[in-house]
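Bear in mind that the values in this text are calculations on the coordinates, not laboratory data. Model, not experiment: these values are computed from the prediction. Cβ: placed from backbone, ideal geometry, glycine included. Neighbour counts: every protein chain shown.
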There are 2 protein chains.
Amino acid sequence: MIERMRKEIHTNASVVKGSGDDCAVLKFSRKYYQLFTCDMLVEGVDFRSGENPYLVGRKSVAVSASDIAACAGIPQHCLISCGLPKNTPLKYSDALFRGMRDIAKEFGINIVGGDLSRSEKIIIDVSLLGLVEKKFLVLRGGAKAGDIIFVSGSLGGSLKGKHLKFTPRVKEARFLVKNFKINAMIDISDGLLQDLGHILKESRKGALVYETRIPLSSAARNLNSALYNGEDFELLFSASCKEAEKILGSKIFNFFPVGKITSGSGGLKLVDKTGREKTAILKGYRHF
Amino acid sequence: MIERMRKEIHTNASVVKGSGDDCAVLKFSRKYYQLFTCDMLVEGVDFRSGENPYLVGRKSVAVSASDIAACAGIPQHCLISCGLPKNTPLKYSDALFRGMRDIAKEFGINIVGGDLSRSEKIIIDVSLLGLVEKKFLVLRGGAKAGDIIFVSGSLGGSLKGKHLKFTPRVKEARFLVKNFKINAMIDISDGLLQDLGHILKESRKGALVYETRIPLSSAARNLNSALYNGEDFELLFSASCKEAEKILGSKIFNFFPVGKITSGSGGLKLVDKTGREKTAILKGYRHF
């Protein structure tokens, strides 16, 4: 459905990149692009009704901040649309709001308004604006054959807790683009392989992923949960071999090399510990 | 709840006006401010499941465009978050999208992305960016005692159809600020008196509304439906007596004078056809 829509949409010259990346990229000033993104959380899909409302509120803003990070930008202003059931306790909505407010403060995001509606299930949609220096913008489509693929942290089992507590990797992304040449980047919301698939599709490339190189989180049950689980919100990016060497030497943040970009005809392949290659199945976590 | 939140939110110097007007107003360039607004439509609250999906899609974008108009701006870019039930027919979602696309085209709005989720009821949240010349920005808080109050069209009975088919008054608002000095403006989403109440509160003023001057729409059952019904999405604005004379002489659009701004102590009063004043009860349409 999204694909169908995308084909029919025409945008004017003030849109550098419309639908199809982590953020829309808009003309802003001589030095900067503006980034624009939104994410909707639905009770029963993205969180459960019994989960801590403070953390749900926090997550609602963090998910969009992670999109800004994926384009290497700085989050700035957000609007929050909220649908709440009629009898929502004030204690619940207060906690929800405190979670939003605290993460906004942590990342210097201005909450500049919103819309409050009645709905049967809790719905939170956050739209977020950010800025990125033109020279620092990173999109999904820039991966080159030979690039090393990195992730910014351990993966898997996010639904056990991390999906509500993750830190959007804004600082890490800014560090990367200020110090290295990053060719392609995305945040891992759908799962490592699924999101790598997005980079490969936009870049028209293939990839090898080395199973033994995947950093497993303590919550990950097994390798598959690190490959296919969503909502880790780590950065997934690629850089040339030469840049990769420098990235590996970085002492401020720890980035994990997990594979390399190949020519488009290669597809996405997993390499197991014996060195055997197999084509990856892109199932992953789908929001719809 | 919104009031509670508003008090706790601190924004930095890049925010000219945060929560509390039709749009957030953000610093943009030497000449322009950026406007930022969002509106959430919920099935069963803002539209019924049986209503024409093309018109529902149209409305979802039109409501936000009306907010941009209320600040005298030009709409530019939007993101659309959509929650749809699992078994939504493709025919329905296609029609929804065509409605969005067509009104976006009509108003030169770029659809630059969005988010698609699963939800039990249909939810559409549109966030929209716009631009306004600094000199043309109009907010709710600028009404002055002695100002004449105008509306841009007939009022009442919108739920019979207009709420799905209204035209956001972007052209009218631009015409007004380019040709006259407008002191305060809002779009009528909650009802004439309710929204006039918002202007009065922000401007710390009172008002007299002349019942005989209210332009009744053909769908309005009676005067009360024109005073209290929401979703007309006409402009409600005030300008000095001197400007009002010029506005009345305008031949391109028809604006209807409905009352005047008084000092704050006067409150909001209705004047009936015999000249008797009575204090207005602000019930109106409430979204929550």
Query raised in the report: If you take the C-alpha gyration tensor of the stretch A:2-135, multiply each eigenvalue by 5 and take the square root, what semi-axes do you get, largest first, in whole Å?
Result: 29, 18, 11
Requested in this report: May I ask for the net charge around A:Gly146, where only other residues with Cβ less than 15 Å from the Cβ of A:Gly146 are counted and Lys, Arg are +1 while Asp, Glu are -1?
Outcome: +3
Requested in this report: Calculate the mean, over all residues of peptide B:73-83, of how many other protein chain Cβ atoms lie within 10 angstrom of the residue's Cβ.
Outcome: 5
Query - Neighbouring partner chain Cβ atoms per residue of A:37-44, average, 10 Å criterion - result: 6
Query raised in the report: For the stretch A:139-279, what is Rg from Cα atoms divided by 2.2 N^0.38 Å, rounded to two decimals?
Result: 0.96
Report summary line: Rounded to one decimal in Å, the inverse mean reciprocal Cα-Cα distance for the protein assembly as shown, i.e. its Kirkwood radius, is 24.9
Query raised in the report: Can you pull the three principal axis extents for the Cα set of chain A, in Å, largest first?
Result: 57, 48, 42
Query raised in the report: Say the cut-off is 26 Å between C-alpha atoms; which of B:Lys178/B:Lys260; B:Lys201/B:Lys278; B:Lys91/B:Lys162; B:Lys205/B:Lys246; A:Lys205/A:Lys273; A:Lys91/B:Lys86 go over it?
Result: A:Lys91/B:Lys86
Query - Charge tally in the Cβ shell below 9 Å around B:Ser158, where Lys, Arg are +1 and Asp, Glu are -1, B:Ser158 excluded - result: 0
Query raised in the report: Going by alpha carbons, how many degrees (0 to 90, nearest 10) lie between the helix axis of A:192-203 and the longest principal axis of chain A?
Result: 70
Report summary line: Here the correct list, in nm and shortest first, of distances from A:Glu51 to the same site in the other copies, label points 7 Å along Cα→Cβ, is 3.1
Query - lysines with Cα under 18 Å of B:Lys160, excluding same-chain neighbours fewer than 8 positions away - result: B:Lys59
**Report entry** Stretch in chain B that is longest and holds no trypsin sites (Lys or Arg not before Pro) that DSSP places in a loop and that have at most 15 other beta carbons within 10 Å
**Finding:** B:87-143
Requested in this report: Using only atoms on other chains, find how many Cβ atoms lie within 10 Å of each Cβ of peptide A:16-25 and report the average.
Outcome: 3
Query raised in the report: Taking every DSSP beta bridge that has both residues in chain A, what percent is antiparallel when rounded to the nearest 5?
Result: 75
Requested in this report: Would you mind computing, in nm to one decimal, how far apart the modelled labels at B:Asn224 and A:Glu51 are, each placed 7 Å from Cα along Cα→Cβ?
Outcome: 4.6
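Indicate, rounded to the nearest 5 percent, the antiparallel portion of the DSSP beta bridges found entirely in the protein assembly as shown.
Counting only bridges with both partners in the protein assembly as shown, antiparallel ones make up about 75 percent.
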Query raised in the report: Near B:Lys251, which aspartates and glutamates are there with a Cα under 15 Å away, not counting those fewer than 8 places off in the same chain?
Result: B:Glu172, B:Glu243
**Report entry** In degrees, nearest ten, helix A:53-70 long axis to first principal axis of chain A (Cα)
**Finding:** 40
Report task. Find every distance from the label point of A:Lys242 to the corresponding label point in the other copies (7 Å from Cα along Cα→Cβ) and write them in nm, one decimal, shortest first. Result -> 6.8
Report summary line: Taking the label point 7 Å from Cα along the Cα-Cβ vector, the copy-to-copy distances for B:Glu8, listed from shortest in nm with one decimal, are 4.2
